[in-house]
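Before any comments, here is the structure.
What follows draws every value from the coordinates through simple rules; no lab data is involved. All figures in this text were calculated on a predicted structure; none of them were measured in a lab. Heads up, the Cβs are rebuilt from the backbone with ideal geometry, glycines too, and the neighbour counts pull from every protein chain shown.
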Amino acid sequence: MNPLASPSLPPLSGSDLSSADKTVRLHTAAQQFEALMIGEMLKAAREGEGDGWLGDDQDSGSESAMDMAQSQFASALAGRGGLGLANMIEKAMSPHLAAVQNSAEKLETRSAASSQ
């Protein structure tokens, strides 16, 4: 399973989402990004070795099995805190998320006031 294909999220369209929904989307995106980064690190480490724990990597079946296992491990690791990258992304992006939410609310208020 591809870490980016895990929970499907609806497209973000302005102020259609509540603040809680945007927070959940940020959390999910940060975890997916961390899972992708962990997966790439594992892939790079595996490419550096000749034979993996499944034996010779020349077999396409063992290569696919290793890719799936690696992806699942990366997703599980990121879902449980991983390297802390998702947490740092959330902390860095949360103020921006709040600012966007406030701007959208002000715009809606102005729009409603001008249409009356």
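The phi-based Karplus calculation (6.51 cos²θ - 1.76 cosθ + 1.60; θ = phi - 60°) puts the 3J(HN,Hα) values of region 94-103 at 4, x, 5, 4, 5, 5, 5, 4, 5, 5 Hz, whole numbers, x for Gly and Pro. Think of region 19-114 as a dipole: +1 on every Lys or Arg Cβ, -1 on every Asp or Glu Cβ, centred on the Cα centre; then among Ala98, Gln72, Ser60, Ala98 lies furthest on the positive end. Taken over region 19-114, the percentage of Cα pairs per 5 Å bin, counting from 0 up to the bin with the maximum distance, is 2, 13, 16, 14, 12, 10, 9, 7, 6, 4, 3, 2, 1, 1.
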